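The values are calculated or read from the model by the stated rules, or taken from the named source; none is laboratory data. What you see is a predicted model; the values in this text were computed from it and never measured. FYI the Cβ positions are ideal-geometry reconstructions off the backbone, even for glycines, and counts take in every protein chain you see.
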Amino acid sequence: MLRRIGGHSTTTFLGFALALTACKPAPPPASQPPPSPVHAQAADLPAAVTPVNLPAPATVAVARAVLPPVKPLHVSVDIRSGPKMAQELPSVGEPASFRVTLRDAEGQFVSQLDPLLGGKLLLVVARADLGWTVVLRADELSDKNRGTHEFRTVFPLSGIYRMWLTYSYGGQTFTEEVAFSVTGHTSPSHELPESELAWSGERGLAARLKVEPQTPMTCQPFLLATAWTRKEKPLRMTAEPDAPTTWYVAIEGGLGEIATSTAEPQAADPPAGATESMAQKLGGDLGTAATLQVSRPGRYRVLAVATPPGAKAGLKDATVVASFAITVHGELHTGGCSK
């Protein structure tokens, strides 16, 4: 069972080949509609899959300069799983593949994407209780003839998941959202901690999250910065020129809301006349400052995504993801935050 999420309405796609239209600031011109989605027959679904109601997430992004409209890309996601990579929903302990294809309005493959954290595409996957999350990065096309990017992972827990595919095109960043099930033995739920601001990973990597104010409130922007270290020594993450070195995703428990930081240009050093950058004022590293805003109170998993120096494209450790937890207080704003 797969479900495409967008805005406050939900459209269910039965089957495993998804045809999705990329998010964009304005609807496409009537003269150039995106290709029609492909629908599979209900009989193709495994009998064990049952419909699941997920809350439609309210996606919140920081306001930025208005850019010229960009024609939407048409996104197709093909999910395969099992030893033979058949077209079926992922199952616990089995390899799973997400094959992503992007086409323009004329149906031509699009491979020239803007750099995004050293790669081309980012895939964020999270279980509904945020007990398991993963961020995967695609650096180059896995199949040049078919214009396909492929992501692979193994799910350790069954349950309901949502994934976000993020890419940058024409100077703007777009995100596609899909909900799906992972079958297998029943897994216990996970309770997200109220606060978790320290993270440690492999090879001596560690990070601390800085939040200002320390008690974030709904519909009030709050600042984030990250201090990265390797074997207790400061570590400067890499990025494209003038781009942030760390990208953030805040996901509410239950997947009710997601907030992402933007690729706003950041100076490599403090502005002229200033002794320190905004990130340094918060106790973080250069290029790691970002502003987020959410409309729903609750506990959030915050993922800080970065590329360490010397990382080689295509390798497992090319992207580092530090996982934190924060609690946002305040009232529920069902219509989202006012602009």
Please work out if ALA263 is at pLDDT below 85 and in contact with a Gly (Cβ under 8 Å, 6 or more places away or on another chain).
no
Check whether at least one residue in region 238-256 is touching a Cys at 6+ places or on another chain (Cβ under 8 Å) and either within 30 Å of ALA105 (Cα to Cα) or not in a strand (DSSP E or B) (or both), and report yes or no.
no
Within region 137-164, restricting to residues that are in a strand (DSSP E or B) and charged (D, E, K, R), the one that is surrounded by the most Cβ atoms within 10 Å (Cβ to Cβ) is ARG137
Answer with yes or no whether PRO188 is surrounded by fewer than 18 Cβ atoms within 10 Å (Cβ to Cβ), under 30 Å from GLU331 (Cβ atoms) and more than 22 Å from the chain's Cα centre (by Cα).
no
Quick check on region 158-181. Is at least one of its residues in contact (Cβ under 8 Å) with a residue 60 or more places away in the chain, on the phi < 0 side of the Ramachandran plot and more than 21 Å from the chain's Cα centre (by Cα)?
no
Leading residue by the ranking (farthest from GLU252 (Cα to Cα)) among those in region 191-209 that are within 20 Å of the chain's Cα centre (by Cα) and not in a strand (DSSP E or B):
GLY201
Being of a type in the set (A, V, I, L, M, F, W, C), modelled with pLDDT under 90, outside the structural domain of TYR169 (by TED's automatic domain parsing) and not in a strand (DSSP E or B), is that true of even one residue in region 320-328?
no
By residue number, the members of region 110-136 that are under 15 Å from MET163 (Cα atoms) and in a strand (DSSP E or B) are LEU121, LEU122, LEU123, VAL124, VAL125, ALA126, ARG127, THR133, VAL134, VAL135, LEU136
Filter region 220-232 for residues that are surrounded by fewer than 18 Cβ atoms within 10 Å (Cβ to Cβ) and closer than 19 Å to TYR300 by Cα and give the result.
GLN220, PRO221
Could you tell me how many of the residues in region 78-109 are in a strand (DSSP E or B) and either under 23 Å from the mean Cα position of the chain (by Cα) or buried (at least 17 other Cβ atoms within 10 Å of the Cβ) (or both)?
15
